[in-house]
Amino acid sequence: MRFTVTPLGSGGGRSVGQVVGDIVRYLEPRATDIPGLAPAVPSGSGPSSYYADRGTEAGRWLGYSAAEAGLVGPVESTDFARVLAGRDPHTGARLITAQGSAGRRPSLGAGNQTKLASDKSALYGMSDVAATLGVTAREAEALVAAGERLAERTMVALLGGPTFPIEPAGSFLLPVIEADGTRWVGETELSRCEAARDLGARPEEVAAGGDPAEQLSLTQAARLAGVTARYLRGLCRRHEEHSAEIDTASEDGTTPARAHLVSYRGTRGQWIVLRKDLVDFLRGRTAPAVRVGYDLTLTTEKSLGVLAGLGTDEVRRAVLDAIQAGNDAGLAYLEYHASAGRARGQEVLARGLTIASFRHLTSRALDPFPHHHNVVANTIIDEHGTRRALDARGLYAHAQAASALATAKMRHQLTTALGVRWRRRRSGSWEIDGISEEVLREFSRRRNEIEDALAELEAEIGRRSNLDEVQAVVTGTRPAKENVDPATLVADWRERAARHGLTPRKLARGLGGGSVTSTVDEQRLFQKLASPTEGVCAGHSLFTHSEVL
């Protein structure tokens with residue numbers, strides 16, 4: 001069995017609500033409308049495509065942080081959505097922002113609702129708005145001022161007065177103004193502004209908002225671009241320090257190595273950006289990324305699916321329980337070794353992970369293929385009680401060891417419960433002895449489809465395909481998996497297996513049917529680890545802790 005790590009989010013152009021909605025609706029079969037989040041917009045890429053293999057069972061909450069937050073038992077769609085969006089699963093209050101890996105703040109500081117309105121809806125003061133959006137107090141005031149201008153011009157137009165050009169571009173906040181002039185921002189309005197900044201500013205709208213030669217301060221430019229002034233200040237400084245290199249690249253018709261923003265110094269040394277230069281920057285900029293979590297997908301060897309799909313109810317339960325036990329053992333190892341955040345460039349330990357684990361039983365080709373999607377939320381609480389974004393590097397570093405431990409747990413449990421015997425393939429994976437290669441190929445239709453498509457491509461182009469072409473074939477041949485009860489597929493599976501000589505009776509005879517015990521010879525184990533042909537140094541001279549495990 002093997003864990004693979006897949007970041008969950010969007011490379012740009014989608015809001016947190018849309019990304020989370022996609023993930024929840026495809027993994028949680030009972031999910032319908034999710035309060036507080038934008039409806040999902042299925043597309044050909046991103047989570048909606050990745051999660052085409054929709055499940056039929058409720059997920060399970062795992063991890064110390066999930067239990068600490070009161071998340072136990074079956075996964076409820078609303079709780080799942082709130083966790084992925086960086087909110088409290090019970091109240092919906094913001095806990096951490098979700099825009100990008102770099103934009104995700106260690107802590108919201110204030111950032112929570114300041115008070116409740118008469119209708120019990122949340123209201124935020126300026127300091128809380130600033131903390132939530134990750135901007136300065138001055139930038140938060142500018143967002144509210146832009147919202148007031150928009151409201152005033154709209155009201156004048158509605159009353160029949162002169163029509164002013166209504167600025168359509170950039171971030172803004174429509175405030176709630178009390179009798180004493182105090183300004184607040186409601187939950188709905190703050191969420192709307194967050195989603196707009198997730199999606200990124202449209203260059204055409206910024207261009208239409210004023211004269212191309214208009215001079216903008218960094219605060220004004222940041223509001224129009226939907227980013228922070230601090231971010232733009234760094235781009236302006238890069239343009240100033242590398243102007244010769246940037247000019248050379250422009251003359252050569254190439255793209256400079258690093259992003260920059262064309263800008264000038266004012267009479268007092270402040271940065272000034274022309275509207276046309278901001279538009280050019282936005283046209284070449286990738287929309288901000290959204291990262292809400294990571295999927296630790298546990299995939300299984302084909303013979304496990306065959307045994308579970310073709311065996312008796314008792315055998316099926318034993319196989320699925322063993323796979324689940326291996327999955328949970330691997331996740332426990334990862335939680336202990338890989339749960340961490342970062343503060344000022346240094347790793348900080350975390351108290352645990354929040355994991356929603358979903359079991360799927362078939363592949364997209366509707367072959368028997370038990371596997372688990374373990375969605376790890378991109379938020380942790382560090383050893384000092386501060387909420388931070390997850391440092392996912394540990395997940396990648398320890399996935400190999402977790403896979404080995406999960407496999408060992410699964411094999412031990414199946415050997416003990418059913419007397420299963422094993423054979424090792426050249427790839428290093430373990431298959432159940434007695435299930436032939438012909439049967440495994442029969443139930444690998446998805447792999448066969450990819451191999452056939454690659455062979456056809458290579459025959460057409462007259463050479464071996466490269467990585468991009470392989471990925472295109474994988475994507476192009478991927479069918480959306482039907483939402484079918486695996487129980488209705490068993491008759492077809494048994495008929496296909498019988499064509500290769502594997503009948504239910506022969507499958508049952510292949511199980512040992514007795515408890516198997518073993519002891520560890522430490523000297524022989526050390527000799528195997530040190531072996532130049534099969535040990536940890538086989539093929540290279542450096543090895544990691546994960547490889548030893």
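On the stretch given as the stretch 352-365, residues that are part of a loop (DSSP other than H, G, I, E, B), at pLDDT below 90, buried (at least 20 other Cβ atoms within 10 Å of the Cβ) and not polar (S, T, N, Q) total 0.
Among the residues of the stretch 243-263, write down those that are part of a loop (DSSP other than H, G, I, E, B), without any contact (Cβ under 8 Å) to a residue 24 or more places away in the chain and open to solvent by 80 Å² or more (accessible area, probe 1.4 Å).
ALA257, ARG258, listed by residue number.
Somewhere in the stretch 199-207, is a residue of a type in the set (D, E, K, R) and over 22 Å from VAL279 (Cα atoms)? Scanning the stretch 199-207 turns up no residue that is of a type in the set (D, E, K, R) and over 22 Å from VAL279 (Cα atoms). Among the conditions (1) in contact with a helix residue (DSSP H, G or I) (Cβ under 7 Å, 6 or more places away or on another chain); (2) open to solvent by less than 70 Å² (accessible area, probe 1.4 Å); (3) at pLDDT 90 or above, the only one that ARG233 does not satisfy is (2). In this structure, is LEU349 open to solvent by 40 Å² or more (accessible area, probe 1.4 Å) and closer than 24 Å to PRO89 by Cβ? For LEU349, the condition - open to solvent by 40 Å² or more (accessible area, probe 1.4 Å) and closer than 24 Å to PRO89 by Cβ - is met.
Please indicate, with yes or no, whether at least one residue in the stretch 468-490 is in contact with a helix residue (DSSP H, G or I) (Cβ under 9 Å, 6 or more places away or on another chain) and at pLDDT 70 or above. Scanning the stretch 468-490 turns up at least one residue that is in contact with a helix residue (DSSP H, G or I) (Cβ under 9 Å, 6 or more places away or on another chain) and at pLDDT 70 or above. Does LYS302 count as of a type in the set (Lys, Arg) and more than 30 Å from ARG202 (Cβ to Cβ)? Considered against the rule, which asks whether it is of a type in the set (Lys, Arg) and more than 30 Å from ARG202 (Cβ to Cβ), LYS302 comes out as yes. Among the residues in the stretch 293-306, are any among the acidic types (Asp, Glu), in contact with a His (Cβ under 7 Å, 6 or more places away or on another chain) and open to solvent by less than 70 Å² (accessible area, probe 1.4 Å)? Yes, the stretch 293-306 has at least one match. Reported count of residues in the stretch 529-538, each being open to solvent by less than 100 Å² (accessible area, probe 1.4 Å) and either of a type in the set (A, V, I, L, M, F, W, C) or closer than 21 Å to ARG2 by Cα (or both), is 6.
Yes/no per residue for (1) of a type in the set (Ser, Thr, Tyr); (2) modelled with pLDDT of 75 or more; (3) open to solvent by less than 40 Å² (accessible area, probe 1.4 Å):
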{"site": "GLU28", "(1), (2), (3)": "no, yes, yes"}
{"site": "ALA31", "(1), (2), (3)": "no, no, yes"}
{"site": "ILE34", "(1), (2), (3)": "no, no, yes"}
{"site": "SER48", "(1), (2), (3)": "yes, no, yes"}
{"site": "TYR51", "(1), (2), (3)": "yes, no, yes"}
{"site": "GLY70", "(1), (2), (3)": "no, yes, no"}
{"site": "ALA81", "(1), (2), (3)": "no, yes, yes"}
{"site": "ALA85", "(1), (2), (3)": "no, yes, yes"}
{"site": "LEU133", "(1), (2), (3)": "no, yes, yes"}
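In the stretch 397-410 there is no residue that is among the small types (Gly, Ala, Ser), in a loop (DSSP other than H, G, I, E, B) and either open to solvent by less than 20 Å² (accessible area, probe 1.4 Å) or over 26 Å from LEU507 (Cβ atoms) (or both). Checked against (1) modelled with pLDDT under 90; (2) assigned to a strand (DSSP E or B), GLY385 passes all but a single condition, namely (2). Quick check on VAL227: is it closer than 24 Å to ARG14 by Cβ and assigned to a loop (DSSP other than H, G, I, E, B)? When the stated conditions are applied, VAL227 passes them. Tallying residues that are in contact with a helix residue (DSSP H, G or I) (Cβ under 7 Å, 6 or more places away or on another chain), open to solvent by less than 20 Å² (accessible area, probe 1.4 Å) and of a type outside the set (A, V, I, L, M) within the stretch 277-287 yields 0. Identify all residues within the stretch 382-392 that are touching a residue at least 24 places away in the same chain (Cβ under 8 Å), surrounded by fewer than 22 Cβ atoms within 10 Å (Cβ to Cβ) and either closer than 28 Å to VAL548 by Cβ or not hydroxyl-bearing (Ser, Thr, Tyr) (or both); write none if there are none. Across the stretch 382-392, the qualifying residues are ASP382, GLU383, HIS384, ARG387, ASP391, ALA392. Screening ARG238, ARG197 for residues that are at pLDDT below 90 and either buried (at least 19 other Cβ atoms within 10 Å of the Cβ) or closer than 22 Å to TYR264 by Cα (or both) leaves exactly one candidate, ARG197.
When you scan the stretch 281-302, do you find a residue that is in a strand (DSSP E or B), under 19 Å from LEU62 (Cα atoms) and free of Cβ contacts under 8 Å to residues at least 40 places away in the same chain, even just one? No, every residue in the stretch 281-302 fails to be in a strand (DSSP E or B), under 19 Å from LEU62 (Cα atoms) and free of Cβ contacts under 8 Å to residues at least 40 places away in the same chain. Of THR299, THR254, THR286, all but one fail to be modelled with pLDDT of 90 or more and β-branched (Val, Ile, Thr); the exception is THR299. Across the stretch 309-343, the qualifying residues are those that are part of a helix (DSSP H, G or I) and of a type in the set (S, T, N, Q), and the one among them that is most open to solvent (accessible area, probe 1.4 Å) is GLN324.
Just the residues that are open to solvent by 10 Å² or more (accessible area, probe 1.4 Å) and either within 11 Å of GLU139 (Cα to Cα) or in contact with a Lys or Arg (Cβ under 6 Å, 6 or more places away or on another chain) (or both), please, taken from the stretch 203-225. Hits for the stretch 203-225 are PRO203, GLY210, PRO212, GLU214, LEU218, THR219, GLN220, ARG223. Considering the stretch 522-549, the residues that are under 38 Å from the mean Cα position of the chain (by Cα) and among the acidic types (Asp, Glu) include one that is nearest to HIS337 (Cα to Cα), namely GLU547.
The values are calculated or read from the model by the stated rules, or taken from the named source; none is laboratory data. Given the structure is predicted, the values throughout are model-derived calculations rather than measurements. Here the Cβ is made from the backbone with ideal geometry for all residues, glycine too, and neighbour counts use every protein chain on show. Side chains are part of the model used for accessible areas, which takes the heavy atoms of the whole protein and leaves out ligands, DNA and RNA. Shrake-Rupley method; radii C 1.70, N 1.55, O 1.52, S 1.80 Å.
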